Amino acid sequence: MKFTDGNWLIREGYEIHYPHMVFDMDVTDESLTLYTPCRDIIHRGMTLNCPQLTIKLTVPKENVIRLQTWHHTGGVKRTPAFDVADEKLTSTYVSEENELIFGNGDVKVKIQKRPFHMTFYYKNDMMTEMDAKSFAWIEGPENTNYMRGQHRLSVGEYLYGLGERFTTYVKNGQSVDIWNKDGGTSSEQAYKNIPFYLSNRGYGIFVNHPEEVNYELGSEYTSKSQFSIKGEYLDYYLIIGPEPKGVVSRYTELTGKPALPPAWSFGLWLSTSFTTDYNEETVNRFVDGMIERDIPLSVFHFDCFWMKGFEWSNFIWDQDNFPDPEGMLRRLKEKGLKICVWINPYIAQKSPLFEEGAKNGYLLKKEDGSIWQWDLWQAGMGIVDFTNPKACEWYTSKLKILMDMGVDSFKTDFGERIPTDVVYFDGSDPVKMHNYYSYIYNKIVFDLLEKERGKNEAVLFARSATTGGQKFPVHWGGDCDSTYEAMAESLRGGLSLTTSGFGYWSHDIGGFENTATPDVFKRWTAFGLLSSHSRLHGSSSYRVPWNFDEEAVDVTRQFAKLKNRLMPYLFGAAVENHHTGVPVMRSMLLEFPGDPICEPLDRQYMLGDALLVAPIFNEEGIGSFYLPKGRWTCLLTGEVVEGGTWVKEKFDYLNLPLFIRPNTILPIGLTDNTPVYDYTENLTIKLVEIEDGANIDRMLVNADGEEIGHIHVTRTGNEISITTSGLEKPYTIEVSGKQKLEVEAGKQEMKILI
């Protein structure tokens with residue numbers, strides 16, 4: 001929030017106190033604690049009647065500095081708190097006449113004692129700095145207090161992240177409130193609010209508070225990024241990459257790496273849609289229609305009305321439409337499908353579970369002990385209190401019954417409209433729980449899936465999230481309209497989310513609200529099947545492609561098959577994400593941090609490290625995109641384009657800008673009817689525009705996510721040397737689309753003249 005009135009005045013009702021000097025300090029092997037009075041202390045008498053901020057610095061991990069500051073401690077630790085890995089590394093400390101130096105390894109902070117000032121360095125490069133007014137304790141109206149942090153915004157510095165935000169990808173000039181809301185995709189509200197932002201200068205800031213955090217990113221002071229919270233204690237981490245990918249990776253070291261989703265989840269998902277009429281006959285018609293049209297399908301999803309209306313959630317199949325759910329699921333699985341069903345954490349008053357949950361204390365309560373209820377969404381609904389271990393057992397026991405029937409995954413919808421006028425079983429602060437509720441909701445469902453199906457077999461389709469939610473993939477973008485504008489805002493949200501540590505992201509192909517034109521649907525389908533996860537879903541109409549036109553069938557077939565063939569590459573990117581935290585779908589900034597043209601781009605992205613995707617956002621079919629320097633090869637046509645420039649070109653519906661980065665090893669399979677197969681069977685290894693002096697490597701994985709080998713390529717002059725491991729079957733090497741070499745099983749070294 002904003003505390004000032006322009007550059008000179010303070011807003012009426014507020015008083016800002018900030019450090020003027022370092023008066024004293026405590027030093028240990030792990031920390032430096034500064035005592036900073038909010039005025040200059042000239043003589044002893046000035047130590048009286050003066051507020052003081054305490055600032056503690058530690059090094060929790062390599063290239064990370066934690067800053068904690070407080071006015072009054074209050075003596076009570078409020079829960080919940082994020083699960084943050086903090087190792088408290090040994091740090092160094094140097095004191096000079098008016099300067100302190102604190103740090104570890106390549107990261108250090110220089111602290112000017114008077115006037116107070118902090119500058120952060122990576123090696124000898126200045127990353128960011130804080131002036132005397134950056135830390136502040138602020139008195140507000142009605143006895144409210146706030147803590148504030150500020151960092152300087154350098155000329156040309158851009159900020160990104162803060163969760164799945166549908167506003168512009170570059171966050172400069174925006175005011176952002178970290179507070180989960182069910183607001184669709186067309187406003188400043190967000191389902192997934194993450195108090196972490198990334199700077200193109202190679203650092204990030206993670207504010208370690210589950211409650212609401214308010215950001216002013218060059219919007220109160222144009223040269224400052226600012227974050228503030230209610231209360232008298234502020235805790236945050238400054239993370240240095242020193243490149244953007246390194247920042248995201250280190251952030252996920254602190255807050256958790258994403259689990260590896262199963263390979264089958266990367267195939268196409270088809271939904272019943274939301275308010276449509278459907279039963280087993282409808283479902284079979286859809287599934288058989290996909291089979292008849294040779295469109296590979298991996299997952300069938302049952303949305304809300306698999307349960308009776310007014311009873312969500314009761315976790316009981318609607319017997320009028322699904323009289324034999326076990327048999328139906330068995331028959332669908334015999335067709336090679338996985339099954340997903342919709343759930344949420346709300347219990348409608350008409351649900352047979354409501355009385356059971358209320359009686360046993362499983363639902364959130366008001367201060368007077370009565371059940372908290374409202375009618376927004378489901379009549380008289382209550383909300384499950386996941387801070388009660390017995391409520392978690394009760395809730396997951398209902399889900400286990402569904403899994404025993406054959407359900408493989410859950411769409412964990414909602415979890416944003418969590419009230420603050422409630423009492424939790426474990427005494428958690430309801431304000432801190434508002435965002436954090438999404439974490440425990442998704443965690444207990446994900447943990448059940450992992451327990452019942454095994455590690456690397458659990459996958460959600462989740463909407464709400466907070467810090468740490470990336471550990472429970474995947475997430476989708478929420479309720480968007482069926483227009484090009486909504487398609488573009490969805491992509492902006494996805495890029496902001498993956499820049500915030502989330503490895504995987506999906507969206508409703510064709511949009512959720514209303515029904516897309518055939519034109520929009522076909523363009524969105526190509527985009528959706530070149531996302532990490534792909535789902536056909538909508539609100540009031542079915543999203544099977546033949547409902548649009550026959551060309552939509554061709555588009556869906558082509559790109560669904562292409563995605564399956566790309567699985568040796570895509571699943572390798574997923575394994576990389578699991579180990580490093582670098583997202584599968586990533587902005588151009590993450591892959592090309594040295595190219596200033598890439599810094600603001602939010603209408604194209606990288607899928608893994610090697611494929612550039614630029615969706616079409618207009619009915620004229622014009623693709624407008626930027627290729628960084630080098631010779632880029634179109635995956636669909638083989639055309640080679642010299643980069644370092646913008647390109648405008650017209651594309652038909654079976655094409656879009658899909659380019660392979662130069663100096664790429666791209667493994668592609670021959671199997672196109674499923675995402676789960678032997679990735680070494682009939683493998684083609686594309687060597688794309690390998691430049692003289694190149695020395696590159698590609699990890700090979702199997703469909704279980706295990707590393708099975710590598711492909712290593714070097715080029716000297718006109719000779720390309722290739723070394724492989726883990727390839728026990730014949731494969732093909734293709735050099736820049738010109739030369740093909742059939743390689744016998746077991747051959748590990750070869751040279752090619754070009």
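The values are calculated or read from the model by the stated rules, or taken from the named source; none is laboratory data. Predicted model, so just to flag it, every value in this text is computed and none were measured. Counting neighbours? That spans all protein chains shown, and the Cβs are built from the backbone with ideal geometry, glycine included. Only protein heavy atoms, including side chains, enter the accessible area calculation; ligands, DNA and RNA are left aside. Shrake-Rupley method; radii C 1.70, N 1.55, O 1.52, S 1.80 Å.
Of all residues in region 20-72, which are part of a helix (DSSP H, G or I) and open to solvent by less than 50 Å² (accessible area, probe 1.4 Å)?
Quick first cut of region 20-72, residues part of a helix (DSSP H, G or I) only: 44-47.
Residues satisfying the conditions are Gly45, Met46.
Whether any residue in region 576-587 is over 16 Å from the mean Cα position of the chain (by Cα) and buried (at least 18 other Cβ atoms within 10 Å of the Cβ) is what I want to check.
Our first condition is that a residue be over 16 Å from the mean Cα position of the chain (by Cα); within region 576-587, this holds for none.
No, region 576-587 contains no residue that is over 16 Å from the mean Cα position of the chain (by Cα) and buried (at least 18 other Cβ atoms within 10 Å of the Cβ).
Report yes if Thr119 is exposed (fewer than 15 other Cβ atoms within 10 Å of the Cβ), of a type in the set (Ser, Thr, Tyr), under 26 Å from Arg39 (Cβ atoms) and modelled with pLDDT of 95 or more, otherwise no. Reasoning before the result, please.
On the way: exposed (fewer than 15 other Cβ atoms within 10 Å of the Cβ): no; of a type in the set (Ser, Thr, Tyr): yes; under 26 Å from Arg39 (Cβ atoms): yes; modelled with pLDDT of 95 or more: yes.
It is false that Thr119 is exposed (fewer than 15 other Cβ atoms within 10 Å of the Cβ), of a type in the set (Ser, Thr, Tyr), under 26 Å from Arg39 (Cβ atoms) and modelled with pLDDT of 95 or more.
Which numbered condition in (1) open to solvent by 30 Å² or more (accessible area, probe 1.4 Å); (2) among the polar types (S, T, N, Q); (3) over 30 Å from Met328 (Cα atoms) is the only one that Ser397 fails?
Of the numbered conditions (1) open to solvent by 30 Å² or more (accessible area, probe 1.4 Å); (2) among the polar types (S, T, N, Q); (3) over 30 Å from Met328 (Cα atoms), the odd one out for Ser397 is (3).
Can you find, within region 73-115, the residue that is least open to solvent (accessible area, probe 1.4 Å) among those that are in a loop (DSSP other than H, G, I, E, B) and among the small types (Gly, Ala, Ser)? Steps first, answer last, please.
At the first step, the residues of region 73-115 found to be in a loop (DSSP other than H, G, I, E, B) are 73-88, 90-91, 96-98, 105-106, 113-115.
Those still in the list that are among the small types (Gly, Ala, Ser) too: 74-75, 81, 85, 91, 105.
Numbers: Gly74: 69, Gly75: 72, Ala81: 54, Ala85: 39, Ser91: 17, Gly105: 78 Å².
Result: Ser91.
Tell me which residues, restricted to region 112-161, are under 22 Å from Phe102 (Cα atoms) and touching a His at 6+ places or on another chain (Cβ under 8 Å).
Scanning region 112-161 gives Arg114, Pro115, Phe116, Thr128, Glu129, Met130, Asp131, Ala132, Ser134, Ala136.
Scan region 533-556 for residues that are part of a helix (DSSP H, G or I), in contact (Cβ under 8 Å) with a residue 24 or more places away in the chain and surrounded by fewer than 19 Cβ atoms within 10 Å (Cβ to Cβ) and report the count.
Here is the first cut: in region 533-556, the ones part of a helix (DSSP H, G or I) are 545-547, 550-556.
Keeping just the survivors that are in contact (Cβ under 8 Å) with a residue 24 or more places away in the chain gives 545-546, 551-556.
Filter once more, keeping what is surrounded by fewer than 19 Cβ atoms within 10 Å (Cβ to Cβ): 546, 551, 554.
Residues meeting the conditions: 3.
Let me spell it out: the conditions are (1) assigned to a strand (DSSP E or B); (2) under 30 Å from Asp549 (Cβ atoms); (3) of a type outside the set (A, V, I, L, M, F, W, C), and Tyr653 meets all of them except one. Which number is the exception?
Exception for Tyr653: condition (1).
For the structure I just gave you, tell me whether Glu691 is within 24 Å of Phe266 (Cβ to Cβ), part of a loop (DSSP other than H, G, I, E, B) and either open to solvent by 30 Å² or more (accessible area, probe 1.4 Å) or without any contact (Cβ under 8 Å) to a residue 24 or more places away in the chain (or both).
Values: within 24 Å of Phe266 (Cβ to Cβ): no; part of a loop (DSSP other than H, G, I, E, B): yes; either open to solvent by 30 Å² or more (accessible area, probe 1.4 Å) or without any contact (Cβ under 8 Å) to a residue 24 or more places away in the chain (or both): yes.
No: the conditions fail for Glu691.
Give region 135-158 a look and list any residue that's assigned to a loop (DSSP other than H, G, I, E, B) and either aromatic (Phe, Trp, Tyr) or within 29 Å of the chain's Cα centre (by Cα) (or both), or say none. Steps first, answer last, please.
Step one: list which residues in region 135-158 are assigned to a loop (DSSP other than H, G, I, E, B), which gives 135, 140, 144, 153-158.
Those that are assigned to a loop (DSSP other than H, G, I, E, B) and either aromatic (Phe, Trp, Tyr) or within 29 Å of the chain's Cα centre (by Cα) (or both): Phe135, Leu153, Ser154, Val155, Gly156, Glu157, Tyr158.
Quick check on my filter: what residues within region 722-742 are farther than 26 Å from Val575 by Cα and part of a strand (DSSP E or B)?
Gln739, Lys740, Leu741, Glu742
How do the pairs read when you match residues in region 723-737 that are farther than 13 Å from Glu689 by Cα with residues anywhere that are part of a loop (DSSP other than H, G, I, E, B) and open to solvent by less than 20 Å² (accessible area, probe 1.4 Å), using Cβ under 9 Å and keeping only pairs 6 or more apart or on different chains?
Going by the 9 Å Cβ cut-off, the qualifying pairs are Gly726/Thr680; Leu727/Thr680; Glu728/Thr680; Lys729/Thr680; Tyr731/Thr680.
Cβ-Cβ distance below 6 Å, separation of 6 or more or different chains: which pairs start in region 201-222 with a residue that is under 20 Å from Asp5 (Cα atoms) and end on one that is surrounded by fewer than 22 Cβ atoms within 10 Å (Cβ to Cβ) and of a type in the set (Gly, Ala, Ser)?
Note: pairs meeting the criteria are Glu216/Ser175; Gly218/Gly173; Ser219/Gly173; Ser219/Ser175.
Looking only at region 344-363, count how many residues are in contact with an Asp or Glu (Cβ under 7 Å, 6 or more places away or on another chain) and under 17 Å from Asp318 (Cβ atoms). Let's see the steps before the verdict.
The initial filter retains those residues of region 344-363 that are in contact with an Asp or Glu (Cβ under 7 Å, 6 or more places away or on another chain), namely 344, 348, 350-351, 362-363.
Adding the requirement that they be under 17 Å from Asp318 (Cβ atoms) leaves 344, 348, 350-351.
Within region 344-363, residues that are in contact with an Asp or Glu (Cβ under 7 Å, 6 or more places away or on another chain) and under 17 Å from Asp318 (Cβ atoms) number 4.
Conditions first: (1) out of contact with any Lys or Arg (no Cβ under 7 Å at 6 or more places or on another chain); (2) open to solvent by less than 30 Å² (accessible area, probe 1.4 Å); (3) over 13 Å from Ala610 (Cα atoms). Leu627 passes all but one, so which condition is the exception?
If we test Leu627 against (1) out of contact with any Lys or Arg (no Cβ under 7 Å at 6 or more places or on another chain); (2) open to solvent by less than 30 Å² (accessible area, probe 1.4 Å); (3) over 13 Å from Ala610 (Cα atoms), just (3) comes out false.
Would you check if there is a residue in region 190-199 being open to solvent by 10 Å² or more (accessible area, probe 1.4 Å) and either touching a residue at least 60 places away in the same chain (Cβ under 8 Å) or part of a loop (DSSP other than H, G, I, E, B) (or both)?
no
Assigned to a loop (DSSP other than H, G, I, E, B), among the aromatic types (Phe, Trp, Tyr), open to solvent by 10 Å² or more (accessible area, probe 1.4 Å) and in contact with a Cys (Cβ under 9 Å, 6 or more places away or on another chain) - does that describe any residue in region 616-624?
no
What are the pairs with Cβ atoms under 7 angstrom where one residue, in region 132-158, is without any contact (Cβ under 8 Å) to a residue 60 or more places away in the chain and the other, located anywhere, is open to solvent by 10 Å² or more (accessible area, probe 1.4 Å)? Sequence gap at least six, or different chains.
If the second residue must be open to solvent by 10 Å² or more (accessible area, probe 1.4 Å), the pairs left are Ser154/Arg201; Glu157/Asn200; Glu157/Arg201.
Would you mind stating whether Trp377 is under 22 Å from Phe461 (Cα atoms), outside any loop (DSSP other than H, G, I, E, B) and either of a type in the set (Phe, Trp, Tyr) or open to solvent by 80 Å² or more (accessible area, probe 1.4 Å) (or both)? Steps first, answer last, please.
Numbers: under 22 Å from Phe461 (Cα atoms): yes; outside any loop (DSSP other than H, G, I, E, B): no; either of a type in the set (Phe, Trp, Tyr) or open to solvent by 80 Å² or more (accessible area, probe 1.4 Å) (or both): yes.
Here the answer is no, as Trp377 does not meet what is asked.
Would you tally the residues in region 431-471 being open to solvent by 10 Å² or more (accessible area, probe 1.4 Å) and under 15 Å from the mean Cα position of the chain (by Cα)?
2
Out of region 1-19, which residues are free of Cβ contacts under 8 Å to residues at least 12 places away in the same chain and open to solvent by 80 Å² or more (accessible area, probe 1.4 Å)? Even if it seems obvious, please write down each step before you answer.
First, pick out the residues of region 1-19 that are free of Cβ contacts under 8 Å to residues at least 12 places away in the same chain: 5-6, 8-12.
Selection gives Asp5, Trp8, Leu9, Ile10, Arg11, Glu12.
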